[in-house]
Each structure stands twice: as C-alpha cells, then as structure tokens.
There are 2 protein chains.
Amino acid sequence: MDPVIVHLGDISQHMQQLSKGFLFTLVIGTTDTSLIPGITIAGAKPELTHYTPAADAEYLLLGRCRVIPIVPMTPDGKPTPALITRAAIKLTGAGVLVVNAGARVRPNIPIIDLQGEPGRDIRTGLAINRSVVDRVFENGAILGENLARISKAIIIGESIPAGTTTAMAFLVAMGYDAWNRMSSASPINPRDLKITVVREALKNAGINRPLEDPLEAVSRIGDPVILAIGAITIGATKQGAKVLLAGGTQMAAVLAFIKHMYKDVLSNVAIGTTKWLVNDRTADLIGLVREIAHVPVASVNLDFGNMPYEGLKAYEGGFVKEGVGAGGVSIAAISRGYSISQLQGVILSDYEELLRSMGNTT
Amino acid sequence: MDPVIVHLGDISQHMQQLSKGFLFTLVIGTTDTSLIPGITIAGAKPELTHYTPAADAEYLLLGRCRVIPIVPMTPDGKPTPALITRAAIKLTGAGVLVVNAGARVRPNIPIIDLQGEPGRDIRTGLAINRSVVDRVFENGAILGENLARISKAIIIGESIPAGTTTAMAFLVAMGYDAWNRMSSASPINPRDLKITVVREALKNAGINRPLEDPLEAVSRIGDPVILAIGAITIGATKQGAKVLLAGGTQMAAVLAFIKHMYKDVLSNVAIGTTKWLVNDRTADLIGLVREIAHVPVASVNLDFGNMPYEGLKAYEGGFVKEGVGAGGVSIAAISRGYSISQLQGVILSDYEELLRSMGNTT
C-alpha cells in the first residue's frame, strides 16, 4: 500500500518542496468551549484541557512535559498524537517553532507570541475581542512572511481542545454545511452535543445568515488557532512558500478563512492528515474541502494494528486520529525518504520510553 | 577598498555559508543600568532607553514603530543602526526573528519569548535572579538548536541600551581586562562613568577574583542579552550551524560566555561588525577578542561621508557606530553579492522616507 494516499488534487509540488527540507510550526491555543463536559477527550477532566496544548508543545520540543507531570495520555495509555509528530521530526531533523495564538496555560519553552488571548466559550457569541483578532491576524501574517524567507516549505499543525467544535461554528457562520462533517478525537463523536453548542453560539452571536468577513466570524464564534494559522499561511504563501496544513477537519475551517481573506494564495496550500481521520465515518473532510476550495488533500498510511501495545492499537479503533500536525509531518518524513516502518519504529520506541518514564509497562 | 575587511582569523567559511542564505535573529533586552544619567545615548532621556529595543525591533520588521511615535533617532536626525540592518534585510530578503531576552517594553510584533526578565541596575550586584538565568539559558539553547535545523547560517544581533557597560562588568567578572576597551554609541565615550559603575557593581556583588561560571556572572552583574545570545549560539553551533555574532564589544562578552560554557563550538563562531566600531580609538574590539578566543572578526566598509544628510554623516564622526546587527547583516548582504553602493542606496532612500514620515527634511 502506498505510504501516502492523495484524495484530492495534486500534492506533488508540495511533496517535492518538502523533500528539500521544511520547518514545522505548531500553533497552540485554548477556548473555554473545551470546558463543556463531554465535548472533548483531550484532557482527563474539562479543566485539564487547558494544559493539553502547552504539554503537547513541551513534549514536542523537549521529549517531556513541564506544565503537567506526564505526557498527555489517557489513563489506559492512549498517547497524544504529538508522539507521532515528534518521531517524524526526529527522523527528519526538522526545526520546530511553537506559536502561541492564545493559550490559557503557557508552555515553559521558547515560544513565539502573537499577542493573542484565549477564546471564551463560543456560546457567549463573543469568542475573542475584535481588536485582539485584528492584532493576531497582523502579527501572524508578519510571522508567516518571515518564516517563508527562511524556508520554502512550511508545515503548520494545531493543538486546541474542542477545536472541531469551534471550527464547526466558524464554518457554519461562513456559510458552509459543516453540521455533520467534523471529526473527533473520540470514536464516539459527540455530534449532538457539538451541534447544540454551535446552535447556541450562532443564536447568541446573532448570526442568522452567512458572514463575509472571517475576522468577524472568528471574533464572534471562532478560536485563536484558526485565526493564527490562517494569518501565518497567508503571510507565508504570499512570499511563495508552500504551506501544508497538517490536521483534520479544523483545517477546513482554516481553508475557508484563507479563501475569504485572500484567495489568491490557495494554489500554495494543501492539507495533510492521517488515514484514521480520512476514514472517520462520522466526519467528511474530503466533502468539506471540496465545498470550500480546490486544494490537494493527502493522508499518511500509518497503521498501528500490529503494535504490541493497546494504547497504540487504539488509534486503529478511532481514538485520537490526528492532532499536533501528526499526519502532515509524517507525510513530510515520507517525502524525505523515510518509510512507514522506520517512522513506526521510532513511534514505538518513544512510546516505550514514555511508559518506562511513567513506571508503567502495561 | 574591499567591502569587507578581515581583522582576525579566516571568515571565508562563514561568508560562504551566508552566501547561500541566512536567518537573522535580533535579541532584545533592557537593564535598569541604562537609567543612569549619561551612560548611554540610546534614548533621548534615561527612562526612554527602555523603549529603544522594542522600537528597533518594530522598525526592523514593520518599517515603522508602535511603542513610540517615531523611529529611534536623535533630535538632530542621527538614526538608529536598525536603518542599516533593515536595508540589508530588504536587499537579501532574509527572514527575521525577534527574541525577547528580557525587555521592560514589549514590542507589538510577533516575538519569541525566552521567559527572561529585564536586568536590574548592575550596581545592585544582583542583576538577574539565578533561576531566571538558568531558564533563559535552557530556552535559548533549545531555540538555537531548532533555528540551526532551519538555517545553517545564523546572524545574531542585539539591542540593549547601556549594553557596553554591562558587557564590561561581565568581562571583568570573568577575568578579562575590559576596563578601557569597550566602545560606545557616543563619540565621547563616557569611560570614567562606566568604570565607576562597574567598580561599584563588582564591589556590591562581592566579586574580587575572576568567576568561572558565566551563568553566575550574568546573574550578578550581566544582562539578559549576553545570556540569550550565548545560549542561542551554543544551541545552534552544536547542531553545526555557523553563527555570526553581529555587534561590537558586547559580542566579546558573548564570546567569553560561550568559551566558559561550551568552548568546543567556538570554531563555528565569528564576529561581524562595522568599520566605525573597529576604528573607535576609545575601544579595542580586536584586542579583546584576541584575549578571549581565536575567532574571526570582520568589518564592513560602509562609508556615509558622501551622504547628503548630516544625520547620516554623523556615523563618520563616531556616532552610533553599530547595533541591531547592522555590521553583520551588511557583511551577509556583501556575501550575497550586493555592493556597498547598493546597500548605501537603500539606506539613503529609507532614511529619506523616515524624514518624510516625520515631516522633516533637514
């Protein structure tokens, strides 16, 4: 089986640029939407979801976490997708820059600050103050321009709990049918809860027909990560860089953001994700992207079915699926000449190291 | 006349790596040492010196300032050396990342934060808490590693008012004879004042023989910028990048920092500065570097003698001389194939634009 499957368009230009080396940017943020019980499994308890992006970023750069004592993992051993990202980064030797779009918990690592703020619960209808949105957009675009001057291939990943819910709200506000197409980190996608939350957000934001300004949509019912990734991508692609949006259905929201802000750059944009995400029958990334813009979508064929640990095998059962840029950075590792089995070998040994560090060998 | 003069060692490896493209990192910080009247001209009044690094960084990235209404310039029109740096960046199309090592005023741009703090007045003998020093060192080294994975040629510049005074204190604390060898942004170097300040700092820090630990020396009488540049350089050079320290006698302090922390990497380090700095007869960069380590030192032969404005001609009279990486980034522009006259052409037109924006045509 091919290590990378192309679902839409032609990803060869991106793959070729990635094969010469790339820069990975992880954009982190939080919203109080993730505090709604049951909306996300990215955190053992709702209030702990605010630690997850910082912990993911620390694990990615350091191989260990500082804001929490252990690496993000469910009690029964299902690890954060940052495990996959870190393995692909180790293989390729790529540089990593972490960007704070607005995270309530700040990681203890060097981090690029866009002067954003955490988002409120979108049910308030006032997610982020408009002046903050404008500032983050401008700072993100300037950063993107400068990153493009350093590297012509940029991968951007995300870590924001409940990000599929805020992305659904953003997409609906911009006039796209995202109601039943967003993925989830859980095999039992809490779609009804998400829909209830988004409906309440739209009502309280007074949105009853599609908005035209994506900055307005972010400010009312979006999140800081869609905004920052959109801004960085626009800045970087205007300078001629190829940007691979590394993520699942949240990246459809980024795509819509870009299309409505500055659609001329879409020819430099592609989406890279995992097999697990594309196979999610409770979601429809491909359909969403088709509705928004003609950009390539590819997925990496990682397969944890033969992994000797249940925590990893769980990925085949639909747990986690994607996040922290796992799919896109894996695709980059493939384009740099590494095989799926090399990548899975590093993932396995890093996972075993994590288990040892936790004093746990289940 | 050669556009670049080599004063010590062989800079050809650095020039060759720079010719393929480079990344410029500006490290900013402040200390309350700059509030001592007469110690620096980097700010119209002592309390305004805290705005200068932020304003320099904003001008570099945006071409205009946000924290203050105008670009740093003396009332009679002598501009910040960021004018030179920005011109060289525009020519070469290099990417710029700004790093906050500990600045009291934060620029309104995307900025990489190392979780540092502004330094106190070094006369207290307790410049920066040791726990903060350790954190900045670790974060700076991680950043340097990641930057080296993105670019094999890195130029690092500084903006910190009164930085030559804190660098003098640091060098003396580490056992080097820096007493009469530090440069100044003023043609009338306030050497006696600097020496008085450093003596008081050493006394209050209880330093009466050379220290061996540069982190301890930074903590007692150093500044956040020496620390951060040293850390980034160590992280980057360990990954095989060539680092050009872009600055004057402050970079001798960085060199001493690196030598006493991790001297194996010195073969990847060089210093790049301006003709004006090397010609400063009140200072002795070359003698200082000779005493510390065998690293190449080169200067760029910019000449503002024929500029049609007094504010620019003042550079020939010993005003400003260096800062914000001006010399090193100019050397990189030369190695990228641009001529001195091309560079000076951009500097002149940017200066005229600044004057117009100030409604001033003197």
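The values are calculated or read from the model by the stated rules, or taken from the named source; none is laboratory data. Nothing here was measured: the structure is a model prediction, and the numbers come from that model. Neighbour counts run over all protein chains shown; Cβ positions are idealised from the backbone, glycine included. The area values use the complete protein model at the heavy-atom level, side chains included, leaving out ligands, DNA and RNA. Shrake-Rupley method; radii C 1.70, N 1.55, O 1.52, S 1.80 Å.
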Once all protein chains are kept in place, B:I68 shows an accessible area at probe 1.4 Å, nearest 10 Å², of 40
Sorting from shortest, the nanometre distances separating the label point of A:K238 (7 Å past Cα along the line to Cβ) from those of the same residue in the other copies are 3.8
Rounded to the nearest 10 Å², the 1.4 Å probe accessible area of B:V71 is 10
For B:A228, the net charge from surrounding residues (Cβ-Cβ under 12 Å; K, R +1; D, E -1) works out to -4
As straight-line cross-link partners of B:K313, the qualifying aspartates and glutamates (C-alpha separation under 19 Å, not fewer than 8 residues apart within one chain) are B:D76, B:D280, B:D303, B:E322, B:D350, B:E352, B:E353
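Do me a favour and compute the ellipsoid semi-axes for the stretch B:77-117 from its Cα gyration tensor, root of five times each eigenvalue, largest one first, whole Å.
On the way: eigenvalues 105, 44, 11 Å².
The three semi-axes for the stretch B:77-117 are 23, 15, 7 Å.
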SASA check, A:S267, accessible area w/ 1.4 Å probe, all protein chains in place, rounded to nearest 10 Å², comes out at 90
Cα extents of the protein assembly as shown per principal axis, largest first, Å, are 75, 58, 42
Within the set A:I128, A:I286, A:I155, GNM on chain A using Cα springs under 10 Å gives the largest fluctuation to A:I286
Out of B:E158, B:E310, B:E145, a Gaussian network model of chain B with alpha-carbon springs under 10 Å gives the largest mean-square fluctuation to B:E310
Applied in sequence order to the stretch A:70-83, the curve 6.51 cos²θ - 1.76 cosθ + 1.60 (Karplus, θ = phi - 60°) yields integer Hz couplings, x standing for Gly and Pro, of 10, 5, x, 6, 5, x, 8, x, 7, x, 4, x, 4, 4
For chain B, the per residue accessible area (1.4 Å probe, Å²) is 34
In Å, the Kirkwood estimate of hydrodynamic radius for chain B over Cα pairs equals 19.6
Mean-square fluctuation maximum in Gaussian network of chain B, Cα pairs under 10 Å, restricted to B:G93, B:G21, B:G230, hits B:G93
Computed on Cα atoms, the radius of gyration and Dmax of the stretch B:166-212 in angstrom are 10.8, 34
The answer for B:V98, listing residues at least 5 apart or on another chain whose modeled amide H is closer than 5 Å to its amide H, is B:L26, B:I112
The set of residues whose placed amide H lies less than 5 Å from the amide H of A:A42, leaving out same-chain residues fewer than 5 positions away, is A:A162
Of the accessible area of chain B, computed with a 1.4 Å probe and all protein chains kept, carbon and sulfur make up a percent value of 48
Beyond 31 Å (Cα-Cα) in this structure, taken from A:K259/A:K321; B:K20/B:K259; A:K78/B:K152, we find A:K78/B:K152
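Using protein heavy atoms only (no ligands, DNA or RNA), what is the total accessible area buried between B and A, 1.4 Å probe, nearest 100 Å²? Display every interim value, and only then the final one.
Values: alone 13490 and 13500 Å², together 24810 Å².
Approximately 2200 Å² gets buried when B meets A.
According to the Kirkwood expression over distinct Cα-Cα pairs, how big is the hydrodynamic radius of the stretch A:123-271, in Å?
Numbers: mean 1/r = 0.0657 Å⁻¹.
Evaluated on the stretch A:123-271, it is 15.2 Å.
Which FRET efficiency value, to the nearest 0.05, is calculated for B:S339 and A:S357 with the Förster distance at 45 angstrom and r the Cβ-Cβ distance? Please list the in-between numbers first.
Details: r = 56 Å, r/R0 = 1.24.
Efficiency, from the Cβ-Cβ distance: 0.20.
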P(r) over all Cα-Cα pairs of the stretch B:1-83, 10 Å bins from 0 to the longest distance, whole percent per bin, short to long, reads 15, 35, 25, 23, 2
Taking placed amide H atoms and a strict 5 Å upper bound, the residues 5 or more places from B:M182 or on another chain that come that close are B:D284
Here the relative contact order (percent) of the stretch A:247-362, from C-alpha pairs under 8 Å and at least 6 apart, is 28
Projected onto their principal axes, the Cα atoms of the stretch A:247-362 stretch, largest extent first, over whole-Å spans of 50, 32, 22
Taking the chain alone as reference and the full protein assembly as comparison, with a 1.4 Å probe on protein heavy atoms only, the residues of the stretch A:142-158 that lose at least 10 Å² of accessible area are A:I142, A:L143, A:N146, A:R149, A:I150
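Over the stretch B:170-214, what relative contact order in percent results from Cα pairs under 8 Å that are six or more residues apart? If you can, show how the numbers build up before the last one.
Numbers: 22 pairs, mean separation 24.5, N = 45.
Once divided by the residue count of the stretch B:170-214, the mean separation gives 54 percent.
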P(r) of the stretch B:91-191 over all Cα-Cα pairs, 5 Å bins starting at 0, rounded to whole percent, reads 2, 9, 16, 19, 19, 16, 11, 5, 1
